[in-house]
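The structure appears right after this line, and notes come after that.
The values are calculated or read from the model by the stated rules, or taken from the named source; none is laboratory data. Keep in mind the model is a prediction, meaning the values are calculated, not measured. Here the Cβ positions follow ideal geometry from the backbone for every residue, glycine too, while neighbour counts run over all protein chains shown. Ligands, DNA and RNA are stripped out before the accessible areas are found, and what is left, the full protein with its side chains, is counted by its heavy atoms. Shrake-Rupley method; radii C 1.70, N 1.55, O 1.52, S 1.80 Å.
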Amino acid sequence: MKDEDTIPLITRATELLDEISSTFRVNLDSLKKDKRYFEELYLNLKHNLEELKRLKDEMEQRGFDSPYFALGLNRFGSPFEKGSYRREDVEDQRDVARHKMFFRTTAAYKKGTFERTKGAIAAHNIAIGHLEEFVSFKCSCGKEAKGKDATRIIEERGRFVCTKCRSREISLVPNEQGIYRLEILPYLTYGGEFTVDIANFTPTERMAYRELVEIAREKKKGKIKSATVTFKASKNDKWVTMREQVEVGKEGKLDYEGYLRAKYGRIVVEHVRYHHERSILVSGRYNRQALAIAYTKILKYSRDEILDYLLSKRVDVKKLREYEELKRKFNARLYNAETTPAYAIDTRIIEEREELMHEFDEELKARGLMDEYGSLINTLDIAISYRQEIRKNMLIRIPKAIFGWDIFKFLLIKPYRERRYASIFPGLQPIPEEDQLEQALSILAEADLLYAIRKFIDPKVVPVKDAYKIVFKKFDIEDILQDYLKVTSSRAVGGIALYLYSDFMLEAASEVVAAEPKDLKEVLKVVIRLGRRDIIPEEKLEGMDDIKYIKISEKAKQFLELVR
């Protein structure tokens, strides 16, 4: 395909991305209350997403995903093989150099546009997922529609209409059982310009962003899942070289020698190649970047309030604020003195600076913030040090904690079939690696940090110890119930896992998963009737006589043993 054929495609993609970036905005207040605004926003996102996907498909067909290879050049413009691109032998050197520069520039532009398009697609997918989790329409006739059932009608008709009475007088209310965080929607990079957003981060935000990317990205090596073994075995009185893939056994061990000897007799192993599982929490670089940027920006407008709250628990905030106000005024006066037109030629500028610093010190002493030896008083010095510690060790971890809480709730509540198509977390593994999940959720045990988030950002966030273990216990209970009974309420299963394996009371656990306590009790009853009382800690049945003394008939026991 000629380059002139691809220029209109680049132009179309760039114009669309720039238009989205400059004009697309999300008004949270309108989104939460205004039905028509919600409908238009959703339709706009879906329309943009379809356009972006069409452009992405066309770019892939034209080689935008590997433009340097398509041109026969590596990323720096040199031939892959020496002697395979020897136009210098027959053409003018400067013409060739100019052509190479043009090829490199065009290839870089193609790749940049392609990556930006994929980033925009990731941001749109995340936004649509949150809207689907948030939406709930209620009609005066009593009919209610939630989630994808509601958005499907919007897509078909251009607005939501009650399927029962055909009324358009509908109320938009939040779905109490949805898992969403609308606060990140204004911060998603809908135009795909990730590098611009990251470049504009403050140092604190940049460190928070790195923390998020670190827990979501792929590790170098996951667990070994299989091995390809090259070996020699005796066949028809001859030693024959063979190759076979051996899987890890049920006990978690890879005994390839034992397996092959049992199958072929005497063998001689020549080479073993191990295959590792993908140890990753969120697949897709653009999904990870879009999520990390959006969650990092949550910190922007609540940072100062949280900082004050954490400081007030340990130090004298009043003296610290007084010192900061004096320092701010001093810095302003110093800046004005140094930016006067006479600054460049005035030899007295150093003296003026020293006078201002002396005046600042005297003011601090007069207010009791500095001792006679020119050192800040001990309480103020401790407050300044503690503030730096909070910024370094606490503030940068707030986005990670909020991200971890949302993942915890998502995995705890959603059934496997919905986790496979994670709407608010595109690319999230339905059953993550245990060590990767531990890294993401261990922060939920930090009570001070979680209470600060609860006070200023999300009142529903609560500290949870060993959150990753609770999630995997929920998966275990799902397996038990799936073997014997179809349980539709994954929400209640998650709630009972939280109740059984944490210090949460039944009511508190049901509140976390937005379920009724009676639903959680029903899961307990089913587990006991299936003969799996062994997974329930005895103390968790205290006060539940209607469940504790459930008996299983002998016929039921025999049937369960048969099924097992």
Helix-only [θ] at 222 nm, the chain, -39500 (n - 2.57) per DSSP H run of 4+, per residue, nearest 500, equals -18000 deg cm²/dmol
Over segment 167-252, what relative contact order in percent results from Cα pairs under 8 Å that are six or more residues apart?
16
Could you sort out which of Lys223/Lys297; Lys223/Lys263; Lys460/Lys521 sit more than 30 Å apart by Cα distance in this structure?
Lys223/Lys297
For 295-302, 397-404, 322-329, 455-462, ranked highest to lowest by mean beta-carbon neighbours within 10 Å, the order is 397-404, 295-302, 455-462, 322-329
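May I ask for the Kirkwood hydrodynamic radius of the chain, worked out over all distinct Cα pairs and given in angstroms to one decimal?
Kirkwood radius, the chain: 29.3 Å.
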In whole Hz, what ³J(HN,Hα) sequence does segment 364-374 give by Karplus (6.51, -1.76, 1.60; θ = phi - 60°), x for Gly and Pro?
4, 5, 5, 8, x, 9, 9, 7, 5, 8, x
So which lysines pass the test for Lys319, namely a Cα distance under 29 Å, with those fewer than 8 places away in the same chain ruled out?
Lys300, Lys327, Lys329, Lys365, Lys392, Lys455
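Based on the Cβ-Cβ distance from Lys148 to Lys238, what FRET efficiency comes out when R0 is 51 Å, to the nearest 0.05?
Working: r = 62 Å, r/R0 = 1.21.
Efficiency at R0 = 51 Å is approximately 0.25.
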For a quick check of understanding: with a 1.4 angstrom probe and all protein chains in place, what accessible area in square angstrom does Tyr274 have, to the nearest ten?
100
Given the convex hull over the Cα atoms of segment 224-276, what projected area results after averaging over all orientations, in nm²?
3.4
Run the count for segment 101-217, please: Lys pairs, Cα-Cα under 16 angstrom, 8 or more apart or on different chains.
6
Go through 120-129, 387-396, 228-237 and give me the packing order, highest mean Cβ count within 10 Å leading.
120-129, 387-396, 228-237
Mind ordering 51-59, 257-265 by average Cβ neighbours within 10 Å, highest first?
51-59, 257-265
